[in-house]
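The values are calculated or read from the model by the stated rules, or taken from the named source; none is laboratory data. Bear in mind the structure is a predicted one, so any value in this text is a computation, not a measurement.
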Amino acid sequence: MELPRLKIAHMLWNILVNFLIGLIPILGDAAYIFRKANLKNLRILQDYAKKHSHDGKVIQPTRYASA
């Protein structure tokens, strides 16, 4: 999808925060119930996809295109 670096950084931040909170025994379990990094990252991807619709085109970076 060629996400902007800021979106990727936001997604990595979500994962890092979940991981760090998860290191704390009881708080980590409670935080996992209420703060789901994967769902937040999915929302970031969905919002980006809605705003950058390509009407049926295959989105593929040129560096991965076959010759």
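For ARG63, are the conditions met, namely being at pLDDT below 80 and assigned to a helix (DSSP H, G or I)? So that I can check it myself, show each step before the final result.
Numbers: at pLDDT below 80: yes; assigned to a helix (DSSP H, G or I): yes.
Considered against the rule, which asks whether it is at pLDDT below 80 and assigned to a helix (DSSP H, G or I), ARG63 comes out as yes.
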Going by the structure shown, is ALA9 small (Gly, Ala, Ser) and at pLDDT 90 or above?
yes
